[in-house]
Amino acid sequence: MFQKILIANRGEIALRVLRACKELGIQTVVVHSTADADAMHVRLADESVCIGPPPSRDSYLNIHQIVAACEITGADAVHPGYGFLSENAKFADILAAHNITFIGPTGDHIRIMGDKIEAKRTAKRLGIPVVPGSDGAVSEEKEAKRIAAEIGYPVIIKASAGGGGRGMKVAHTEADLEVALQTARSEAGAAFGDDAVYIEKYLQKPRHIEVQVFGDGFGRGVHFGERDCSLQRRHQKVWEEANSPALNAEERSRIGGICAKAIADLGYSGAGTIEFLYENGEFYFIEMNTRLQVEHPVTEAITGIDLVHEQIRVASGGGLSVKQEDIKFNGHAIECRINAEDPRTFTPSPGTITHFHTPGGLGIRVDSGVYSGYKIPPYYDSLIGKLIVHGRNRVECMMRLRRALDEFVVDGIKTTLPLFRDLVGNADIANGDYDIHWLEKYLAKEE
Ligand code: ADP
């Protein structure tokens with residue numbers, strides 16, 4: 001087992017990882033920018049190292065500073081959290097070259113899944129169902145038209161190097177295709193320095209369903225069920241649930257089994273998420289994330305298994321603490337992402353939190369790094385905390401969520417709490433009846 005883990009992140013996830021390390025009796029080092037000197041995880045860590053000024057590229061993305069911090073403190077492993085360097089293959093390679101363990105998959109696995117065309121090809125080879133579309137990159141208009149006619153309109157043009165929902169264009173007719181292809185290519189070139197794009201069928205009313213997987217480092221793979229993250233705004237997840245209200249037990253075990261086998265065949269090590277669009281009973285792979293997800297606590301709530309413990313065990317060579325047959329799904333969990341944003345316009349609302357009171361009681365978990373008197377710096381994303389609620393079934397979970405939201409107090413800044421208070425009272429949400437466009441349509445109506 002590791003002696004000392006360096007946590008290369010900030011905010012709630014840095015605290016989340018720190019808690020897991022403490023439970024496992026592992027020493028902790030955190031790195032932070034000058035803007036985060038007062039952060040809770042910095043206070044609670046055994047050691048901290050300031051690695052630079054507020055902009056992320058000079059601190060949380062500065063590989064040299066982070067490697068230097070490992071050497072100074074003698075850390076033998078790095079947990080990257082999510083975002084920042086968590087899916088940076090070069091970072092994983094550099095750490096390996098310094099004999100420091102990257103708590104995640106190999107640089108090569110990150111590379112394969114970071115390129116969407118390569119990822120889709122790999123998924124298909126591993127027997128994962130994919131969205132019908134081009135086999136690889138498409139640059140010629142003629143070829144694009146042929147493929148689109150074959151799979152049928154509407155189609156979506158996506159950037160191979162894309163991420164964060166950028167570089168995607170929908171074409172509803174052949175007349176739209178030429179412009180969509182050109183725009184997607186020039187946007188992808190400008191945003192990612194790579195103008196490779198591919199085409200796939202545009203699904204009209206899908207749900208976003210993702211499977212939590214783990215490779216144990218010894219050629220075995222398991223799945224921890226799925227999460228439904230269909231409630232999104234601008235491709236950003238807002239509310240996540242496990243299990244999905246749309247799947248039955250047979251579908252869950254079928255798609256989970258396919259994903260677990262794929263992970264085993266790939267020889268993957270650590271946590272991963274295989275993301276699908278789901279429509280009319282069919283799953284369509286869209287991408288794989290090779291890291292821990294923001295929404296991992298809903299899976300922890302229904303399985304009772306600490307996924308960060310498992311990541312650390314696997315990375316240290318100790319394998320998983322559970323086998324597939326030990327993983328059971330109990331009840332229902334929902335996570336609400338609480339952002340420091342105006343709940344109507346979603347503009348960021350940094351500033352000082354004058355009062356912070358979190359709900360409690362059975363089935364309630366709050367993952368947050370903020371506290372009364374904390375000043376939210378304006379440099380980073382606006383997530384200030386996550387409320388995760390668990391109940392024996394979805395109805396109980398929703399009742400508990402409504403009560404917890406009523407107790408939650410954040411004064412001094414604007415937050416998205418009022419949005420969630422509206423959503424728990426909505427009939428479609430109560431029925432679990434929503435797709436990936438539901439939230440945007442709802443917000444447009446409310447305006
Ligand atoms: P990114 O990595 O940029 O987030 P994804 O491939 O994960 O890109 O897609 C992001 C979102 O775009 C999906 O959650 C979905 O809302 C939409 N999307 C992607 N592909 C399709 C498709 N074939 N049909 C319909 N919507 C899609």
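Quick look at the values:
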quantity: The range 132-201 - convex hull of alpha carbons, volume per residue in Å³; calculated: 68 Å³
quantity: Cα pair distances in the chain, grouped into 20 Å bins until the bin that holds the longest one, percent each; calculated: 25, 59, 16, 0
quantity: Ranked packing of 149-156, 248-255, 196-203, most packed first, by mean Cβ within 10 Å; calculated: 196-203, 149-156, 248-255
quantity: Net lengthening on full extension, Ile63/Glu447 (0.36 nm per residue, minus Cα-Cα); calculated: 133.9 nm
quantity: Karplus-derived 3J(HN,Hα), 6.51/-1.76/1.60, for each residue of the range 42-50, Hz, glycine and proline x; calculated: 5, 5, 8, 6, 5, 9, 9, 10, 7
quantity: Rg followed by Dmax, in Å, when the range 207-446 is reduced to its Cα trace; calculated: 18.0, 52
quantity: Under 23 Å from the Cα of Lys90 - lysines, other chains or at least 8 residues apart; calculated: Lys4, Lys116, Lys120
quantity: Sequence-distant lysines (8 or more away, or on other chains) whose Cα lies within less than 20 Å of Lys328; calculated: Lys261
quantity: Reach of Lys445 by Cα under 30 Å, taken over lysines that are not fewer than 8 positions away in the same chain; calculated: Lys158, Lys169, Lys201, Lys205, Lys237, Lys386, Lys414
quantity: Computed over the range 314-447, Cα set: Rg, Dmax in Å; calculated: 17.2, 53
quantity: Mean separation of Cα contacts under 8 Å (6+ apart) over length of the chain, as relative contact order %; calculated: 14 percent
quantity: Cα gyration tensor shape of the range 170-271, rounded if a/c is under 1.5, else prolate or oblate by comparing a/b with b/c; calculated: prolate
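No value in this document is a laboratory result; all are computed from the given coordinates. Here the structure is a predicted model, which means the values were calculated and not measured. Heads up, the Cβs are rebuilt from the backbone with ideal geometry, glycines too, and the neighbour counts pull from every protein chain shown.
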